[in-house]
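The values are calculated or read from the model by the stated rules, or taken from the named source; none is laboratory data. Bear in mind the structure is a predicted one, so any value in this text is a computation, not a measurement. Virtual Cβ from ideal backbone geometry, glycine too; neighbours counted across all protein chains shown. These area figures cover heavy atoms from the full protein model, side chains too; ligands, DNA and RNA do not enter into them. Shrake-Rupley method; radii C 1.70, N 1.55, O 1.52, S 1.80 Å.
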Amino acid sequence: IDAYSKVYVLARAGRSEQIKRNFIFKSINSGNNWDLVYLDNGANNFKRMAASANGETICATRTFDKLLISNNAGSTWQSTGCEFNYSAIDISDNAEIIAVGTKADVENVNPGGYIYTSLDKGINWFCKRDAGLQNWKEVEVSSNGRRIIASATGYISKSFNFGKKWSSSEIHTGWDGLAMSSNGKTNFAVVSGGYVYAPLANSEKLYITYLE
């Protein structure tokens, strides 16, 4: 994660069940020097991380565990949200809007498979059931948080009002990665079979523009 000159990375060491360590490192000079800002011995892996534009708020996802968040550039950390199998995360520039994607829990221990959003820097979370029940792969949030898109195996779901209401894309296929412009109006999406979708001629709809 690169936020101005602050850079954060996730790391994991140890293959043994008895030796599992999760790390978060931070650099304030574009990666020239690094400091350890978080360490635990948990068995739940870090997966993804996102940061606000100024690097003060950082949120990391873990498998079958709560989210980990810092609002002071990594000085202190606290858990937030519920224990889900988190698969995707993104944050608005001011960190007010956070969106995360989860994967469905095969053992039905918790209601995974939904998009969850926070409108207050991770204090409270809301399940967005109208986005659909999917194994979510990617989530992108515009700089002001108004536009949010998320990709899953079946379709892309989108919200244009800070995650309050959601609708699905017209094209249903095996979506994989996503990319969004700062204002959220230009989006690109890829399909695992080699297709790239992009907007054409001032339209926000996605069309095939590349085929491998």
> closer than 15 Å to residue 121 by Cα, without any contact (Cβ under 8 Å) to a residue 24 or more places away in the chain and out of contact with any Pro (no Cβ under 8 Å at 6 or more places or on another chain): does that describe residue 54?
Replying inline: no
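Condition check ((1) in a loop (DSSP other than H, G, I, E, B); (2) touching a helix residue (DSSP H, G or I) at 6+ places or on another chain (Cβ under 8 Å); (3) more than 23 Å from residue 60 (Cβ to Cβ)) across all residues:
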{"residue": "154", "(1), (2), (3)": "yes, no, yes"}
{"residue": "165", "(1), (2), (3)": "yes, yes, yes"}
{"residue": "173", "(1), (2), (3)": "yes, no, yes"}
{"residue": "189", "(1), (2), (3)": "no, no, yes"}
>> So in the range 15-35, with the set limited to residues that are open to solvent by less than 40 Å² (accessible area, probe 1.4 Å) and farther than 21 Å from residue 52 by Cα, which one is modelled with the highest pLDDT?
In response: 22
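Of all residues in the range 127-139, which are surrounded by 18 or more Cβ atoms within 10 Å (Cβ to Cβ) and within 11 Å of residue 157 (Cα to Cα)? Working first, answer last.
Residues of the range 127-139 that are surrounded by 18 or more Cβ atoms within 10 Å (Cβ to Cβ), as a first pass: 128, 131-132, 134, 136-139.
Matches in the range 127-139: 128, 131, 132, 134, 136, 138, 139.
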> Looking at 85, 124, which one is crowded, with 20+ Cβ neighbours inside 10 Å, within 19 Å of residue 68 (Cβ to Cβ) and free of Cβ contacts under 8 Å to residues at least 60 places away in the same chain?
Replying inline: 85
>> What's the number of the only condition in (1) open to solvent by 10 Å² or more (accessible area, probe 1.4 Å); (2) modelled with pLDDT under 90; (3) more than 20 Å from residue 145 (Cα to Cα) that residue 79 fails to meet?
In response: (2)
>> Take the residues in the range 142-162 that are in contact (Cβ under 8 Å) with a residue 60 or more places away in the chain and closer than 20 Å to residue 48 by Cα; name whichever of them is surrounded by the most Cβ atoms within 10 Å (Cβ to Cβ).
In response: 150
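Would you be able to say whether some residue in the range 170-177 is closer than 21 Å to residue 66 by Cα and buried (at least 17 other Cβ atoms within 10 Å of the Cβ)? Before the answer, list the steps.
Taking the range 170-177 as the starting set, the residues that turn out to be closer than 21 Å to residue 66 by Cα are none.
Within the range 170-177 (the criterion being closer than 21 Å to residue 66 by Cα and buried (at least 17 other Cβ atoms within 10 Å of the Cβ)), the answer is no, since none of the residues qualifies.
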> Has the range 38-48 got any residue that is over 21 Å from residue 182 (Cα atoms), open to solvent by 20 Å² or more (accessible area, probe 1.4 Å) and modelled with pLDDT of 90 or more?
Replying inline: yes
>> over 28 Å from residue 132 (Cβ atoms) and in a loop (DSSP other than H, G, I, E, B): is that true of residue 56 in this structure?
In response: yes
